[in-house]
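These notes concern the structure reproduced below.
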Amino acid sequence: MADLAADLAAFAAGVEVADLPRAALAGVRHDILDTVGCALAGARAPGIPELVAMLERWGGAGASVWGRHSELSPPDAALANGSAAHALDYDDTHDEAVLHAGVTAIPAALAAAQMREGATGADVVAAAAAGVEIACRLGASLTDGPSDSGWLLTPLCGTFGAAAAAARALGLDAATTRHALGIAYAQAAGNGQATLDAALTKRLQAGLAARAGVFSAALAAAGITGASDVFEGARGWFPVYHRSRYDRDIVLGGLGSDFLLEGLRFKPYPCCRWMHAAIQAALEVRARGVAVADIAAVSVAVSSQALASTGRRPSGRGGAAGVVEAQFSIPFGVAVALLDGVPRLRHFTPEGVDRADVLGLAELVTASVDADLERATKRGISSAELRVELRDGGALTVTVDEPAPLRSTEITAKFRDACEFAGLDAADADAIAGRLLTADLEPDADRLVRSLRCAVAMA
């Protein structure tokens, strides 16, 4: 039986925009728009200016840094853009795969396309589709969730997605793409400890995966060989990283005709997706007219996966670490929703996470595991049951079975909001959005990506 790498490489090398079902094409277009918007808004997030400044000092050219009038080497541009796109934890999710897919594959696809003379916008979109689809299939196939294994699946699966995307953008054949996947295996990593420790490497890991993808494809194109039995060999990715606990049919079933990427979800709130059901429930409590001053306590029941990643209250230490804490704190997100309504980008800034009223209310919020929700959710995105105890002895309970994603028109509105947060002119934002949503019609990929050079306000 041939290793999965053979099928995945053949799929990546051969996919064309014309092969994509209507819903899949719409999903990729939206994912490119959403990923770029998140990167523009995240360009000045803690850790990103420092990263880009270091890379610029080291030098390099050939690929654009989104939101800046500068270039880096293609691998370093993918690192910078992927890190910025993931910095605000506002980027896409795939609930079944439990990862962010576009933030690794799309920066790799765009950077690699600038390396290839004659690459078109259709090549970019096909490359993004290949990379996102492969990352989603690998993530969805795993039996254990991130809190069970300790792996952060966004960079772990995304390294292979990024390699596939870069290989397709470069026009590599199936055999060479398989080497790119093998070289990517030598670099695949990603841990959840960065989240628990509120470290800025949480946001850099997506960029590192994007960088590894471009580097892997470039090495393969230069004749460097990688492992061939990448996934199922005796020391392949599934046996070594996951104790062979995976479902092969999910990786291969309908490959090339059915697209898991149609299940991408685009976030309405700039924080971990495992917080969204609880936030949605809190917004319903607010909509029912419950005053914050009347609240004595709030309890939130979720799955064990959600609790492990997002169950802790913020420590109040502020700064960059405080931002990461808030992005992964159900008590913080619920407090914001009860106080201000829909959580916005401004709530997850060093200033926003230092608000005494939010931190005080978060102290009244307790998260725990509910056995029924645990059985229903398994390893996917958690439902939430939120119960508010009132000071007069009353109580109110709200359950959200599945957190709602954004609809098509809302994704474009989110992009405009992200550009406004980045300090970009509304007319420029609309022009970029229009170009990205029709990226597959662009005859020149390099010109398309160069259009993303703009001046994000860094203050």
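The values are calculated or read from the model by the stated rules, or taken from the named source; none is laboratory data. A quick note: this is a predicted structure, and the numbers were derived from the prediction, not measured. Cβ coordinates were reconstructed from backbone atoms using ideal geometry, including for glycine residues, and neighbour counts include every protein chain displayed.
For this structure, a couple of remarks:
- Residue match in the range 186-194 (condition: in contact (Cβ under 8 Å) with a residue 24 or more places away in the chain, part of a helix (DSSP H, G or I) and either surrounded by 24 or more Cβ atoms within 10 Å (Cβ to Cβ) or charged (D, E, K, R) (or both)): no
- Residue match in the range 152-160 (condition: under 15 Å from ALA24 (Cβ atoms), in contact (Cβ under 8 Å) with a residue 40 or more places away in the chain and not in a loop (DSSP other than H, G, I, E, B)): no
- Residue match in the range 130-146 (condition: surrounded by fewer than 24 Cβ atoms within 10 Å (Cβ to Cβ), of a type outside the set (Gly, Ala, Ser) and touching a residue at least 24 places away in the same chain (Cβ under 8 Å)): yes
- One residue stands out in the range 352-375 among those that are within 30 Å of TYR246 (Cβ to Cβ), of a type in the set (A, V, I, L, M, F, W, C) and touching a residue at least 24 places away in the same chain (Cβ under 8 Å): the one that is surrounded by the most Cβ atoms within 10 Å (Cβ to Cβ), namely ALA367.
- Residues within the range 9-55 that are crowded, with 24+ Cβ neighbours inside 10 Å and among the charged types (D, E, K, R), tallied: 2
- The set of residues from the range 380-415 being over 28 Å from GLN305 (Cα atoms) and either of a type in the set (A, V, I, L, M, F, W, C) or buried (at least 16 other Cβ atoms within 10 Å of the Cβ) (or both) comprises LEU390, THR412, ALA413, PHE415.
- Test: ASP392 is of a type outside the set (Gly, Ala, Ser), over 30 Å from LEU448 (Cβ atoms) and without any contact (Cβ under 8 Å) to a residue 24 or more places away in the chain: no
- Qualifying residues in the range 384-413 (those that are in the same structural domain as SER304 (by TED's automatic domain parsing) and among the basic types (Lys, Arg)) - the one farthest from the chain's Cα centre (by Cα): ARG391
- Any hit, the range 221-244, residues being buried (at least 22 other Cβ atoms within 10 Å of the Cβ) and either out of contact with any Phe, Trp or Tyr (no Cβ under 8 Å at 6 or more places or on another chain) or within 26 Å of VAL365 (Cα to Cα) (or both): no
- Candidates SER73, SER64, filtered to the one that is within 15 Å of LEU208 (Cα to Cα) and of a type in the set (S, T, N, Q): SER73
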